[in-house]
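What follows is a short report on a single structure.
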Amino acid sequence: MKKLIIVLVVTSFFYSCKDDKKDVVTEAETTTEDVSNMEQNLSKYVNFKLTADVSKLTEKERQMLPYLIEAANMMNDLFWYESYGDKSELLQSISDEKTKAFVEINYGPWDRLDGNAPFVKGVGPKPAGANFYPKDMTKEEFEAADIENKSSLYNFVRRDESGKLYSIPYHKQFESKLKEVSQLLIKASELAEDEGLKTYLELRAKALLDDNYQPSDLAWMDMKTNTIDIVIGPIETYEDQLFGNKAAHEGYVLIKDQEWSKRLAKFSAYLPELQVGLPVDEAYKKETPGTDSDLNAYDVVFYAGDCNSGSKTIAINLPNDEEVQLQKGTRRLQLKNAMRAKFDKILVPISKVLIDESQRKHITFDAFFSNTMFHEVAHGLGIKNTINGKGTVRTALKEHASALEEGKADILGLYMIQQLNAKGELTDDLKDNMVTFMAGIFRSVRFGASSAHGKANMIRFNFFKEKGAFTRNADGTYKVNFDKMETAMRDLSNLILTLQGNGDYDGVAQLVAEKGIISKELQADLDRLSDASIPVDVIFEQGTKVLGL
């Protein structure tokens, strides 16, 4: 079993929301079997130190980083409340240190890499709505209720003393903490030498206090020359698996790799052309993607909150605001050091177990980087608003929106690589991308059914299997059939884009039910990866000391 060095910040955070009911956890005797199981759980993660070359930064940029890291770190407390509730109460109920460590990794007592299975005695299944809604609330009750700003991404739903549902905005629920975060961003802005970064930090500091994030999202899109960056606030909706609507808090602190970024800058310009060529009927590609998009490579030096829970993000595509996307496009941030960690420590070992020996030469970091990068670019393709008046794709598909969107980005990312390769803009062997893509499915499927990315990969694996895009050899290795994979790519792209454009909730639910599953054969193959002690994901040593600040 691999030795884990776990650097965890334990903080106490108390809330006064009287109607928030916590799971009751009672301390139980820890058995030898419990200890063994927890060691296995911890072995799913491999340690990695998040470092970057800070010597290239200016003195003021180096002074900024501690403020930004402190601000991002506060997202941990907010996300704990969103995902579970009272962190201190939970940790105090547990005596085993290994269990506590695993609780910290998962931001709660549910294993995010095992379908959110509970691993602490006395804890039941994870509520689909996490802690965003009352745990006893049904979908029907919510949909029938008269709640202020019901569809807002930025509020909690609670019960009053009479049992009636009401909402409380994030900026009220977290008022004191968010004031601290806002002040830290203002202090960082006073050191900013880049005007775009200065403006963004000022607007983001304000947004945290009123939940109006669009002005800061637009300012973030206008930044072009900054080296230091921070992504902070309530952003992704993966944690809300009841409706897929409530955004969870997270924070990344980043340092741009200017040389790598220059190499990537040209690709966003091809989005409109690639949109026109999508393999779907014209009605589903009438929207014109924004061309103000950026592609940049970064070293990430701090993760906190949602992005640090379970499987770690290796690329970012933001903002999620559909209006901003159509007006400005999005920014795609490739987290180069985190990507290298997953390639070296996870993807290459997986390929040695599950990829046909004759095709292992096609597993390359450049292909992994390209596949990941164009996944993020491909979020800008397709359709954001349904063609039949059902509103945005996100609101129409509810809790299934994230999984289908991740599936779209994966398959259209490969489509983009294929098209750019045909145009001569990419010169690498397309077979590298396809085989690395196949190995990447095995990597992401291990995230489990609780993850939008995991569901997306299961759907694609089963669809590809039906289309003959790969074969499974007698020795349990897999071989890509390149021609059939290209056909499967087009067919799956067409299916996903049509479901999104139609806002077909029932159709997506059926797709998830039929193909978002792991067969016994595939599970046995994934178990071989665990038997070979191949980790599922990474945990980070991170912070100012690691950076030498």
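The values are calculated or read from the model by the stated rules, or taken from the named source; none is laboratory data. Computed from a predicted model, the values in this text were never measured in an experiment. We place every Cβ from the backbone using ideal geometry, glycine too, and count neighbours over all the protein chains shown.
Taken together, the residues in segment 501-536 that are modelled with pLDDT of 90 or more, of a type in the set (S, T, N, Q), closer than 25 Å to Ile314 by Cα and surrounded by 14 or more Cβ atoms within 10 Å (Cβ to Cβ) amount to 0.
Taking the listed residues Thr498, Thr471, the one that is surrounded by 14 or more Cβ atoms within 10 Å (Cβ to Cβ), assigned by TED's automatic domain parsing to the domain that holds Lys352 and not small (Gly, Ala, Ser) is Thr498, with no other qualifying.
One residue stands out in segment 426-451 among those that are among the hydroxyl-bearing types (Ser, Thr, Tyr) and under 18 Å from Gln523 (Cβ atoms): the one that is modelled with the highest pLDDT, namely Ser444.
Residues in segment 138-177 that are part of a loop (DSSP other than H, G, I, E, B) and surrounded by 19 or more Cβ atoms within 10 Å (Cβ to Cβ): Leu153, Tyr154, Phe174. When the residues of segment 360-370 are filtered to those that are out of contact with any Ser or Thr (no Cβ under 6 Å at 6 or more places or on another chain) and crowded, with 21+ Cβ neighbours inside 10 Å, which remaining residue is farthest from Ser261 (Cα to Cα)? Once the filter is applied, the top-ranked residue is His362.
One line per residue, one yes/no per condition, for (1) surrounded by 22 or more Cβ atoms within 10 Å (Cβ to Cβ); (2) more than 17 Å from the chain's Cα centre (by Cα):
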site	(1), (2)
Pro279	no, yes
Tyr284	no, yes
Thr288	no, yes
Phe302	yes, no
Lys312	no, no
Leu318	no, no
Glu322	no, yes
Lys328	no, yes
Leu333	yes, no
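Residue count for segment 262-277 under the criterion of being of a type outside the set (Ser, Thr, Tyr) and either touching a Leu at 6+ places or on another chain (Cβ under 7 Å) or not in a helix (DSSP H, G or I) (or both): the result is 8. Can you find a residue that is among the acidic types (Asp, Glu), in the same structural domain as Lys256 (by TED's automatic domain parsing) and either more than 25 Å from the chain's Cα centre (by Cα) or within 27 Å of Glu70 (Cβ to Cβ) (or both) anywhere in segment 108-119? No. Of all the listed residues (Leu254, Leu203, Leu209, Leu197), the sole one being in contact with a Phe, Trp or Tyr (Cβ under 9 Å, 6 or more places away or on another chain) and in a helix (DSSP H, G or I) is Leu203. Restricting attention to segment 371-393, the residues being under 16 Å from the mean Cα position of the chain (by Cα), at pLDDT below 90 and not small (Gly, Ala, Ser) number 7. When each of Val324, Val276, Val301 is tested for being touching a strand residue (DSSP E or B) at 6+ places or on another chain (Cβ under 6 Å), outside the structural domain of Thr471 (by TED's automatic domain parsing) and at pLDDT 85 or above, the lone residue that passes is Val301.
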